[in-house]
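This report concerns only the one structure given below.
The values are calculated or read from the model by the stated rules, or taken from the named source; none is laboratory data. These figures come from a predicted structure and were not determined experimentally. No Cβ is skipped: glycine too gets one built from the backbone with ideal geometry, and neighbour counts run over all protein chains shown. Remember, those area values only see protein heavy atoms, side chains included, never the ligands or the DNA or RNA. Shrake-Rupley method; radii C 1.70, N 1.55, O 1.52, S 1.80 Å.
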Amino acid sequence: MNDIITWIIIAAFYAPLHYLLPVLFLFITGEEAESVRKQLIHAAILDSTLSMVIAFAVVILLFNKEMISIAMLILLLSMFYPFVRIIRQRKKLH
């Protein structure tokens with residue numbers, strides 16, 4: 001199979017988790033006003049996009065160097081980056 005198609009399939013399965021987890025976390029645990037929650041959601045989506053792009057760039061480089069286990073670990077760890085801003089913002093609010 002073509003490498004580009006493989007990476008598109010990986011991104012297609014990875015992206016929903018990467019975006020939905022922080023947003024769901026905000027909805028489930030949020031006690032903020034709606035305007036504050038919207039700002040946190042926008043920030044979470046921005047952080048998710050940035051961390052996903054950076055993670056995929058690093059993962060592709062590691063994959064080309066045949067460091068597949070480390071590459072998958074980086075993909076997993078990058079999913080937690082959007083939560084950093086959420087937690088920091090909530091600490092500032094309280």
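Between Met72 and His94, the FRET efficiency from the beta-carbon distance, with R0 = 41 Å, is close to 0.70.
Taken along the Cα-to-beta-carbon direction at a fixed 7 Å, the label points for Ile54 and Val84 span 0.6 nm. Nonpolar atom fraction for the chain, defined as the carbon and sulfur part of the 1.4 Å probe accessible area, stands at 72 percent.
Remark: the chain carries 70 Å² of accessible area per residue (probe radius 1.4 Å; ligands, DNA and RNA excluded).
Sorting Tyr81, Tyr19 by accessible area (1.4 Å probe), largest first, what list results? All intermediate terms of the calculation are to be shown ahead of the outcome.
Values: Tyr81 115, Tyr19 65 Å².
So, going from the largest accessible area down, we get Tyr81, Tyr19.
For the range 1-22 versus the range 25-48, the spacing of their alpha-carbon centroids is 23 Å. Taking a ≥ b ≥ c as the square roots of the eigenvalues of the Cα gyration tensor, an a/c ratio of 1.5 or more together with a/b larger than b/c marks the range 1-42 as prolate.
Note down the net charge around Ala43, summing +1 for each Lys or Arg and -1 for each Asp or Glu among other residues with Cβ under 11 Å from its Cβ. All intermediate terms of the calculation are to be shown ahead of the outcome.
On the way: positive: Arg37, Lys38, Arg85, Arg88; negative: Asp47.
Around Ala43, the surrounding residues sum to +3.
Net charge dipole, the chain: roughly 380 debye, given to the nearest 20, about the Cα centre with Cβ charges of +1 for Lys and Arg and -1 for Asp and Glu. For the chain, the mean projected area of the C-alpha convex hull, equal to one quarter of the hull surface, is 6.4 nm². For Ile41 and Ala11, a Förster radius of 22 Å and the Cβ-Cβ distance give a FRET efficiency of 0.55, rounded to the nearest 0.05.
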